[in-house]
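Bear in mind that the values in this text are calculations on the coordinates, not laboratory data. Note that the structure is a prediction, hence the values are computed from the model and not measured. With ideal geometry, Cβ positions are generated from the backbone for all residues, glycine too; neighbour counts draw on all protein chains shown.
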Amino acid sequence: METNQKDILILAIESSCDETAASVVKNGREVLSNVISSQIALHTLYGGVVPEIASRKHIEKINQVIEEALKEAKVTLQDITAIAVTYGPGLVGALLVGVSAAKAISFATGIPLIGVHHIEGHISANFIENKELEPPFICLVASGGHSHLVVVKDYGEYEIIGRTRDDAAGEAFDKVARAIGLGYPGGPKIDKLSKEGNPDAIHFPRAVVQENEYDFSFSGLKSAALNYLNGCQMKGEPVNNADVAASFQKAVIDVLVDHSLAAVKNYGFDKFAIAGGVASNSSLRAAFEERCNKEGIKFYHPSPIFCTDNAAMIGVAGYYEYLKGVRSGYDLNAVPNLRLGER
């Protein structure tokens, strides 16, 4: 491949949960390859991700996925400037597979190694298709494990102003989906079913956290949905699953939209972005689009393929870390509970 001497090519590796992924990213914004080996079909059998199985599958797939990413990008390891790898947060066994592969390649070739925070990757996914987007802005990161409201002060510089007190948004989706018999993964299935239901059929609570208006709490909403289903069962009343899905989803979306846009206004920004697996929810995107248009806020979001776990987003985050001079040693380890902004 023709590459300019000044081009910075990042080989990125992501294995924090149940996707084994590798990507080559050029100059922080151009994705030359994005290879993802998903384990969803396997974990669906168990109704959720089984950490031990995930780790074993990563071991099986990691080398193939990295080779495929290099091949698709038409580059070799000789062309790579640095290797970026997710080292947390995530499942410790799964993370270790990616971190070990990245360290081995770095050790064998002398290519610099950069440990990347998974949430920073999700936020950075917005830079791939929105070339004009630059910090500062506010970003909502909503996924199976995280609900964060983040001020993106600069590349690699973040302040978390809101987080979930209990269940993450994606976790609540998964649990309610399981209760109405949709199975795993819950988010996309509830999104699809809710299109057939009435979002105003059942009133579910919207929690407000007194101490911090930007924090989220979804466990009460999840319990209310489960109680509603149990109540119907005990009374022998029929349940309209589409109405339950639509009403539950609307309650989640209302909270995410209200808290996020309150933050954008209070902080005086005119740019807002979403990231993470839940950000691929079509109703959530539509709700944000509508409110942002109404309030004169520029709304950014990655394509669905860059919302769920992928390595291209890690490559973008890795590029900006590389420019700042961040390098990791061979003592880089998996940190399952790594907080955003920590190193």
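Express the Stokes-Einstein translational diffusion coefficient of the chain in µm² s⁻¹, to the nearest whole number, given a Kirkwood radius over alpha-carbon pairs, 37 °C and a viscosity of 0.692 mPa s.
Values: Rh = 20.5 Å.
Approximately 160 µm²/s, per Stokes-Einstein.
What's the magnitude of the charge dipole for the chain around its Cα centre, counting Lys and Arg as +1 and Asp and Glu as -1 at the beta-carbon? Answer in Debye, nearest 20.
Numbers: 32 positive and 41 negative charges, 36 e Å.
The dipole of the chain has a size of about 180 debye.
Compute the acute angle (0 to 90°) between the alpha-carbon long axis of helix 282-295 and the principal axis of greatest extent of the alpha-carbon atoms of the chain; round to the nearest 10°.
For helix 282-295, the angle is close to 90 degrees.
Can you tell me the orientation of helix 51-72 relative to the chain, as the angle in degrees between its alpha-carbon axis and the longest Cα principal axis, to the nearest 10?
Approximately 50 degrees, to the nearest ten.
Using only Cα atoms and rounding to the nearest 10 degrees, what angle (0 to 90) does helix 219-235 make with the longest principal axis of the chain?
Taking Cα atoms only, the helix is inclined about 40 degrees.
Taking square-rooted eigenvalues a ≥ b ≥ c of the alpha carbon gyration tensor, is the stretch 124-190 rounded, prolate or oblate, where a/c under 1.5 means rounded and, failing that, a/b exceeding b/c means prolate? All intermediate terms of the calculation are to be shown ahead of the outcome.
Working: a/c = 4.65, a/b = 1.98, b/c = 2.35.
Oblate, since a/c reaches 1.5 and b/c is not below a/b.
Sorting H117, H146 on the 10 Å Cβ count, fewest up front, what's the list? Write down the numbers at each step before the final one.
On the way: H117 25, H146 22.
Neighbour counts put them in this order, fewest first: H146, H117.
With an 8 Å cut-off on Cα pairs and a minimum separation of 6 or more residues, tell me the relative contact order of the stretch 135-301 in percent.
Working: 312 pairs, mean separation 44.8, N = 167.
Taking the mean separation of contacting Cα pairs over the length of the stretch 135-301, I get 27 percent.
If you build a Gaussian network model of the chain, linking Cα atoms that sit under 10 Å apart, which residue out of K235, K294, K71 swings the most?
Most flexible of the set in this elastic network: K235.
Using every alpha carbon pair in the stretch 135-301, what percent of pairs falls into each 5 Å bin from 0 up to the bin containing the largest distance?
Whole-percent P(r) values from 0 Å outward: 2, 9, 19, 22, 19, 14, 8, 4, 2, 1, 0, 0.
By its C-alpha gyration tensor, with a ≥ b ≥ c as the square roots of the eigenvalues, how is the stretch 22-62 shaped: rounded for a/c under 1.5, else prolate for a/b larger than b/c, else oblate? Mind showing how you got there, number by number?
Working: a/c = 3.67, a/b = 2.55, b/c = 1.44.
Prolate shape, in that a/c is at least 1.5 and a/b is the bigger ratio.
Using only helices, what value at 222 nm comes out for the chain when you add -39,500 (n - 2.57) per DSSP H run of length 4 or more and divide by the total residues, to the nearest 500 deg cm²/dmol?
Values: 12 runs with 150 residues, N = 343.
It lands at -13500 deg cm²/dmol.
Counting other C-beta atoms within 10 Å, which of T308, T44, T81, T20 has the fewest, and how do the rest follow?
Details: T308 26, T44 13, T81 17, T20 30.
Placing the least packed residue first, the sequence is T44, T81, T308, T20.
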